[in-house]
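The values are calculated or read from the model by the stated rules, or taken from the named source; none is laboratory data. This is a predicted model, so every value here is computed, not measured. Because the Cβ atoms are built from the backbone with ideal geometry, glycine has one as well, and the counts that use them run over all protein chains shown. Side chains are part of the model used for accessible areas, which takes the heavy atoms of the whole protein and leaves out ligands, DNA and RNA. Shrake-Rupley method; radii C 1.70, N 1.55, O 1.52, S 1.80 Å.
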Amino acid sequence: YDPRIGHLLIEQWNNYDATATTGDYVGTAATSGSAVISTTVGGALTIDSGAATDNQGFQVQRAKSMFIPAAGKHIWAEFEISTTFPTLLQTFVGLGALDTTFIAAGAVSSANHMGWSSVTSDGVLLFDCEKASAGTPIASTTLASATKIKLGLYVNGVTSATQYVNDVVGATTFATANIPVVAVYPTLVCQSEGTSQPVMTAYTYRVFQLN
């Protein structure tokens, strides 16, 4: 890694600071939920939906680490998570514009984002890229309970966005019309679809962008 050619964020969860104004993160509850450094897994954040009630849960965004897609300034990102009750989970994992109601009323309400979402009570992750609300999510993979999954993203300037699941490249990409050109931030959401209380474990993630 050469800082002259790009900037790199590696989050190893040695700390989680969501203090208002000064903290690196913004943590927001949709009625319930919490985020704390895991006490059972090293280098991980536990995001607890806090309830078995539809549309309730918790989200975190690293508001002090900004990336803006632009021509020639490619982005590489990799996230690793596991979750309980994947078929009763509302989630987004990836990069998104700051939004304290990232998932609302059972749908992704963010207008600008690149990552993976699931809001349909089936545990199916969708590769989800939107620019000013333009974009249709693409089927990606299915979550298994308490099983790690690695999600990779390559954004070729503002030309295309490609996903990788457990290091395997996806066949379908998003094009210019669906790649946001505003500031986006690492974003993790864990909310309930009702009946059960999902808990997500977020492991080390990293994001690199060319200068």
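Check Gln163 against each of (1) in a loop (DSSP other than H, G, I, E, B); (2) closer than 20 Å to Leu210 by Cα; (3) among the polar types (S, T, N, Q) and name the one condition it does not meet.
(1) is the only condition that Gln163 fails.
Just one of (1) on the phi < 0 side of the Ramachandran plot; (2) out of contact with any Phe, Trp or Tyr (no Cβ under 8 Å at 6 or more places or on another chain); (3) part of a loop (DSSP other than H, G, I, E, B); (4) surrounded by fewer than 20 Cβ atoms within 10 Å (Cβ to Cβ) trips up Ala51, so point out which.
Failed condition: (4).
Restrict the check to region 24-46 and report whether at least one residue is touching a residue at least 40 places away in the same chain (Cβ under 8 Å), under 27 Å from Pro180 (Cα atoms), outside any strand (DSSP E or B) and of a type outside the set (S, T, N, Q).
Checked region 24-46: at least one residue is touching a residue at least 40 places away in the same chain (Cβ under 8 Å), under 27 Å from Pro180 (Cα atoms), outside any strand (DSSP E or B) and of a type outside the set (S, T, N, Q).
Restricting attention to region 1-22, which residues are within 25 Å of Thr100 (Cα to Cα) and either free of Cβ contacts under 8 Å to residues at least 12 places away in the same chain or hydroxyl-bearing (Ser, Thr, Tyr) (or both)?
If the condition is that a residue be within 25 Å of Thr100 (Cα to Cα) and either free of Cβ contacts under 8 Å to residues at least 12 places away in the same chain or hydroxyl-bearing (Ser, Thr, Tyr) (or both), then Tyr16, Asp17, Thr19, Ala20, Thr21, Thr22 are the ones that fit.
Restricting attention to region 135-182, which residues are of a type in the set (A, V, I, L, M, F, W, C) and open to solvent by 70 Å² or more (accessible area, probe 1.4 Å)?
If the condition is that a residue be of a type in the set (A, V, I, L, M, F, W, C) and open to solvent by 70 Å² or more (accessible area, probe 1.4 Å), then Ala139, Ala146, Val168, Val169, Ala171, Val181 are the ones that fit.
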